Amino acid sequence: MHYSYSAMNTHDHNRCCGGRAWCVKDICGIVCAVLTWLLILFAEFVVMRLILMPSPHTVFSVINTFIFQALAFLAFASHLRTMLSDPGAVPRGNATKEMIEQMGYRDGEMFYKCPKCCSIKPDRAHHCSVCQRCIRKMDHHCPWVNNCVGENNQKFFVLFTFYIAAISLHALFLVLKQFAECVENDWHTCSPYSPPATIFLLLFLTFEALMFAIFTIIMLATQLTAILNDQTGIEQLKKEEARWAKKSRLKSIQSVFGRFSLAWFSPFTDPSYRTKFNSHFYSV
Ligand SMILES: [Zn+2]
Ligand SMILES: [Zn+2]
């Protein structure tokens with residue numbers, strides 16, 4: 001019975017685009033993810049229409065447009081990669097007799113089976129009730145990216161928090177500079193919109209950038225500490241004793257980001273840390 005459950009549901013569960021992309025069908029997560037895009041779009045609108053396009057300083061405007069657009073593109077790409085990547089889901093219902101034998105467990109040998117998704121639970125995997133799957137090295141389920149952060153997408157999530165923190169600090173710098181200029185000169189000439197509309201838009205962007213900067217810097221620091229200590233958010237929360245052999249800091253960073261290169265900062269390259277052994281082990 002377990003076998004047919006696995007064969008029928010594993011390949012299309014949490015998947016879209018004909019099974020090619022991972023996507024969790026959770027309304028709250030989808031709303032939060034769309035809200036994230038709308039907030040980036042709002043910042044785009046205020047920064048470009050109110051601050052950079054009307055600016056009389058051409059060089060300043062061109063350089064900052066380039067920086068802002070590059071950060072917005074990288075943040076958006078990291079968000080999509082985090083959301084649409086399989087975080088490391090263990091196949092549902094793989095705790096079958098055949099599979100257990102295939103994985104080299106002998107009679108009477110101990111292994112963990114998840115009662116919710118009937119899978120053989122690898123060490124450090126946890127069950128996520130939103131994804132309805134066991135996720136390898138699950139850190140937490142993040143509604144803002146509508147996905148779990150786990151072994152396979154942690155790099156993209158760290159990049160997402162990094163680029164959102166960077167774009168928020170950049171927007172904060174631009175918006176405060178604009179405030180100073182408008183106060184010093186004239187509210188009627190410093191923006192294409194009326195003074196009340198300008199004040200409202202600038203204040204809202206200040207609030208948004210400040211909130212996101214604080215939130216993502218804390219998240220980024222938490223993620224990096226967790227990676228350096230080779231301990232996931234859940235393990236920290238549960239104060240679990242490390243049953244696994246803890247990796248050195250360098251090895252731990254490499255297991256998430258791959259060997260050091262510029263690719264560390266690219267949301268388009270997959271870190272090649274998954275061994276053939278692992279992918280064979282967990283694919284049905
Ligand atoms: Zn499970
Ligand atoms: Zn999840």
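Taken together, the values in this text are just the output of simple stated rules run on the coordinates, not laboratory data. As the structure is a computational prediction, the values presented were derived from the model and not from experiment. Reconstructed Cβ throughout: ideal geometry from the backbone, glycine too, with neighbour counts over all protein chains shown.
How large is the dipole of region 5-147 about the Cα centre if only Lys and Arg carry +1 and Asp and Glu carry -1, each at its Cβ, rounded to the nearest 20 debye?
120 debye
Only Cα pairs under 8 Å and at least 6 apart count here; give the relative contact order of the chain as a rounded whole percent.
Relative contact order comes out at 21 percent.
At 0.36 nm per residue, and after removing the present C-alpha to C-alpha distance, how many nm does the segment from Ile214 to Ser61 gain when stretched out fully?
Computed gain between Ile214 and Ser61 is 52.5 nm.
Can you sort Asp86, Asp139 by how many other beta carbons sit within 10 Å, fewest first?
In order of increasing Cβ crowding within 10 Å: Asp86, Asp139.
Which of the peptides 16-22, 231-237 is most tightly packed, and how do the rest follow, judged by the mean count of other Cβ atoms within 10 Å per residue?
Put in order of decreasing packing, that is 231-237, 16-22.
Counting other beta carbons within 10 Å of each Cβ, put Ser85, Ser168 in order, fewest first.
By the 10 Å Cβ count, ascending, the order reads Ser85, Ser168.
Once the piece of chain linking Leu262 and Ala180 is laid out straight, how much longer is it, given 0.36 nm per residue of separation minus the C-alpha distance between them?
The span from Leu262 to Ala180 would gain 25.9 nm if fully extended.
On a 25 Å Cα-Cα criterion, which of the cross-link pairs Lys155/Lys238; Lys113/Lys238; Lys116/Lys137; Lys116/Lys239; Lys97/Lys251 come out too long?
Lys97/Lys251
Mean residue ellipticity at 222 nm from the helices of the chain, using -39,500 (n - 2.57) per DSSP H segment of n ≥ 4 over the full residue count, to the nearest 500 deg cm²/dmol?
-17000 deg cm²/dmol
Given the options Pro196, Pro54, Pro122, which has the most mean-square fluctuation in a GNM of the chain, springs set between C-alpha atoms less than 10 angstrom apart?
Judging by the Gaussian network model, the answer is Pro196.
Determine the gain in length on full extension of the stretch Leu39-Ala70; use 0.36 nm per residue of separation and subtract their C-alpha separation, reporting nm with one decimal.
That pair, Leu39 and Ala70, stretches by 9.5 nm at full extension.
Take each of the peptides 151-159, 213-221, 262-270, average the number of other beta-carbon atoms within 10 Å over its residues, and list them starting from the highest.
Result, highest mean first: 151-159, 213-221, 262-270.
Show the residues, 5+ positions off or on another chain, whose built amide H is closer than 5 Å to the amide H of Arg15.
Counting only residues 5 or more places away or on other chains, the set is Cys23.
In a GNM of the chain with a 10 Å cut-off on Cα contacts, which of Arg49, Arg124, Arg243 has the highest mean-square fluctuation?
Arg243
P(r) for the chain: what percent of alpha-carbon pairs falls in each 5 Å bin, starting at zero?
P(r) for the chain, in whole percents per bin: 1, 5, 11, 14, 15, 13, 11, 9, 7, 5, 4, 3, 2, 1, 0, 0, 0.
Given springs between every Cα pair under 10 Å in a Gaussian network model of the chain, which of Ala245, Ala72, Ala43 has the largest fluctuation?
Ala245
Explain nothing, just the number: relative contact order of region 107-261, from Cα pairs under 8 Å at least 6 residues apart, as a whole percent.
Reported relative contact order: 19 percent.
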